[in-house]
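Below is one structure, written out as structure tokens; the observations come after it.
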Amino acid sequence: MSLPIFFVAMFYCFYTPFTKVEESFNMQAIHDILYHRLNLSQYDHHEFPGVVPRTFIGPLVISLCISPIVAIINVLNINKFWSQYLVRMTLAAFVSYTWNQLMKTIRQKLGIEVSIWLLLITLTQFHFTFYMSRTLPNIMTLPLVLLAVNSWLKREKKKFLTFAGASIIIFRSELVIFLGLLLIYDLFYKRLSIIELLKFGIPTAISLILLTIGIDSYFWKRLLWPEMEVLFYNTVLNKSSDWGTSPFLWYFYSALPRALGVSLIFVPYGLFVEPRIRAITIPAIIFVLIYSFLPHKELRFIIYVFPMLNIASACACQRLWNNRTKSMIHTAFSIIAAGHLIGNFVLTVFLLTVSKTNYPGGIAISKIHRLATNDQNVTIHIDNLTAQSGVTRFTEIYSNWTYSKDEHLKAGDEELHKFDYLLTEVKNKYAPEMRLLQSTHEKIELIECFSNIGVHYTSLVPLKIRTKPCIMIMKRRPNAVLLKRFFDVSIDENEQSGSELDTEDIEDELEIELEVQDEIQEKPKVLKKKRLRSSINKLKMKEIIEAGKMEEQQRESEESGTIENIDIQSEELVINDEIQDTVNFEKDPVNDEPDNTDEELENEENLTSEELWPLEDNRNDEATSETSENTKNNIKKIISQEKTKQLLEEFKKVDLSALCDLTKMDTKDCLKKILDEHVEL
């Protein structure tokens with residue numbers, strides 16, 4: 001009877017294949033054991049240890065089980081991500097098997113009808129089967145808890161103490177409340193004597209403590225008992241509240257209703273009509289009540305009690321269904337008992353849809369793999385949110401790529417500009433850090449994640465899942481270094497002048513880069529013009545042109561022996577021709593249709609060269625002499641010829657195709673247009 005549970009868990013596994021940060025330690029540990037083996041220096045937990053240490057015993061057991069299959073995967077050169085599926089399938093198999101053992105005991109004690117109802121209820125609920133394949137610390141110990149409860153029901157004392165001790169000492173210390181209540185029940189009703197407890201319990205506890213200290217100290221490279229440090233952190237230091245707090249009754253009005261669905265309403269009736277289940281169900285409720293005193297609450301913390309409460313619901317539904325022929329009221333209640341499974345199913349479908357939007361990091365890394373699948377030696381920086389919402393070592397499928405999760409890199413850091421791709425969180429699309437990132441990287445795609453649930457009373461489906469921009473995929477621009485240099489110059493000049501960056505310009509540029517669906521309706525060509533206008537002003541065009549003029553003057557001076565008769569108009573053409581021969585412009589297809597925004601640039605575009613450059617034909621002798629003298633003075637101040645070449649090389653890297661339509665004008669005219677619009681001499 002465990003196969004249906006296992007297949008549902010597998011469906012959830014393939015529907016939502018990625019993981020969250022709570023699962024990361026065990027998942028990364030399994031990866032490292034499988035792929036790095038005894039090379040502990042490469043293990044992920046040394047670089048990202050987490051808040052508290054966790055045990056390696058669970059990951060070690062799973063790794064040993066699947067290592068032969070993983071070896072075959074490696075030999076066949078199959079995508080490494082399939083190994084993550086294998087990990088989750090193995091964990092789900094452990095949980096399914098132990099759940100089935102408990103089911104057999106329930107069938108023996110309460111009858112086959114109760115076990116069938118228990119199976120149907122569990123299948124139609126969401127969280128238990130959804131979490132079965134997830135490498136949470138709570139799920140790693142769930143098979144031991146189910147075996148302990150099963151042994152307790154069968155009165156197998158030694159097995160109960162062994163499984164309970166392993167659950168508490170190695171994995172989750174809070175289970176001392178739930179399993180301890182079962183132990184107290186045995187002691188109170190003399191099913192277990194104190195002598196038996198001490199005689200078997202103490203050696204078992206010592207053995208388990210030595211086991212976890214020995215194995216985990218080896219992997220962590222220091223002497224430790226992981227679960228003791230976790231207990232100290234959560235209780236004595238009470239640091240768990242740093243990760244959020246919830247009201248005292250949150251488990252009862254939020255977690256349990258979502259986890260058990262409509263089945264929750266049958267729990268009281270099941271306790272009333274079936275006294276035999278009270279010994280196992282009441283301790284589960286008390287465990288939730290006591291655990292509520294800890295301010296930090298998560299649904300996964302109480303997942304062990306779901307099967308116990310479902311047993312009560314199954315007993316209630318079985319009694320209502322068996323009495324369906326006694327009266328009209330009994331018939332109505334039996335229909336409710338059967339119909340509540342449909343309610344559970346509808347809730348499950350809704351929660352599954354929500355869960356699909358909770359892993360933006362996994363979606364982002366998979367999209368990059370598809371976008372750059374043929375690229376070699378790609379470098380990717382993965383920020384915190386991305387790493388916490390889907391990225392694991394199993395998702396690093398290309399061995400010749402570099403995946404960096406350096407937490408210390410911030411927007412504007414020079415090291416960040418060298419990455420080919422960035423996966424970065426979008427906290428605020430108008431934030432200054434986004435402007436810094438866009439100086440060197442361009443947006444490729446925006447990944448959305450769950451935001452909230454909206455209610456639409458006029459819609460056929462009143463509940464709507466709302467998403468928000470969450471992670472941005474950014475690709476390094478070809479001229480990223482040069483753009484960053486001039487961007488920094490722009491910032492420095494503003495700081496030196498005491499002025500601030502124009503907020504409206506920043507918002508315009510970021511709105512362009514972070515447009516989502518129909519937020520922006522302007523055309524690509526105009527958007528690029530507006531985005532690059534401020535950057536072009538910072539390219540020091542005047543310096544480049546003047547440097548080119550002086551270089552040409554020196555060359556002509558050496559040939560003719562004089563520099564008095566300089567034709568400024570001719571030199572302009574020489575520089576334009578030189579740049580035309582050396583600059584490799586890349587064409588960027590844009591929308592060539594006319595648009596209203598181009599009219600805003602009409603005044604600038606109508607500027608003529610006569611307004612900027614004096615013509616030789618209009619000069620008199622006195623002006624010519626004065627120009628010649630000024631030119632001599634400028635030569636003394638000009639930068640070296642090597643500097644001129646360097647500036648020209650930098651200008652060579654600039655992509656101007658976004659500002660000019662190079663299909664309709666040559667580079668000479670394009671440069672003239674740039675000078676007319678952006679350079680003030």
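The values are calculated or read from the model by the stated rules, or taken from the named source; none is laboratory data. Fair warning: this is a prediction, and the values are worked out from it, not measured in the lab. Don't worry about glycine lacking a Cβ; one is built from the backbone with ideal geometry, like all the others, and counts go over all protein chains shown. Accessible surface is based on the protein model in full, side chains and every heavy atom, while ligands, DNA and RNA are left aside. Shrake-Rupley method; radii C 1.70, N 1.55, O 1.52, S 1.80 Å.
Output the peptides 405-411, 22-28 sorted from most to least packed, where packing is the average of other Cβ atoms within 10 Å over each peptide's residues.
With the highest mean Cβ count within 10 Å placed first, the list reads 22-28, 405-411.
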The stretch 122-265, Kirkwood Rh and Cα Rg, ratio Rg/Rh at 1.00
For the stretch 388-441, one quarter of the surface area of the C-alpha convex hull, expressed in nm², comes to 4.4 nm²
The alpha-carbon pair-distance distribution computed for the stretch 103-175, with 10 angstrom bins and whole-percent values, is 19, 39, 36, 5
Order by accessible surface, 1.4 Å probe, largest leading, for residues 274, 156, 196 comes to 196, 156, 274
Full extension between residue 232 and residue 258 adds, at 0.36 nm per residue less the Cα distance, a length in nm of 6.3 nm
For the stretch 105-232, averaging the sequence separation of alpha carbon pairs under 8 Å that lie six or more residues apart and dividing by its residue count, the contact order in percent is 19 percent
Descending accessible area (1.4 Å probe), largest on the left, turns 20, 221, 190 into 190, 221, 20
Counting only residues 5 or more apart in sequence or on a different chain, those whose built amide H sits under 5 Å from that of residue 19 are 390
Expressed in square angstrom to the nearest 10, the accessible area of residue 47 with a 1.4 Å probe stands at 110 Å²
Under 5 Å from the placed amide H of residue 451, counting only residues 5+ away or on other chains, we find 466, 467, 468
Kirkwood calc, the stretch 1-80, C-alpha pairs only, radius in angstrom 14.4 Å
Expected vector for the stretch 244-253, Karplus 3J(HN,Hα) from phi with 6.51, -1.76, 1.60 and θ = phi - 60°, integer Hz, x for Gly and Pro, equals x, 10, 9, x, 4, 8, 4, 4, 7, 9
Taking the alpha-carbon centre of each part, the distance from the stretch 27-103 to the stretch 404-477 in Å is 30 Å
Checked against a 27 Å limit on the C-alpha separation, the offending pairs among 418/443; 20/367; 109/159; 405/443; 109/199; 80/356 are 109/199
With x for Gly and Pro, the residue-by-residue ³J(HN,Hα) of the stretch 461-468, computed from phi through the Karplus equation 6.51 cos²θ - 1.76 cosθ + 1.60 at θ = phi - 60° and given in whole Hz, is 9, x, 8, 10, 8, 9, 10, 9
With Rg from the Cα atoms and Rh as the Kirkwood inverse mean 1/r over Cα pairs, the stretch 228-315 has an Rg/Rh of 1.04
Bounding extents of the stretch 15-132 in its principal axis frame from Cα atoms, largest first in Å, are 54, 37, 25
Rounded to the nearest 10 Å², the accessible area of residue 141 using a 1.4 Å probe with every protein chain kept is 0 Å²
For the stretch 135-171, listing trypsin sites (Lys or Arg not before Pro) in a DSSP loop whose Cβ sees at most 10 other Cβ atoms within 10 Å gives none
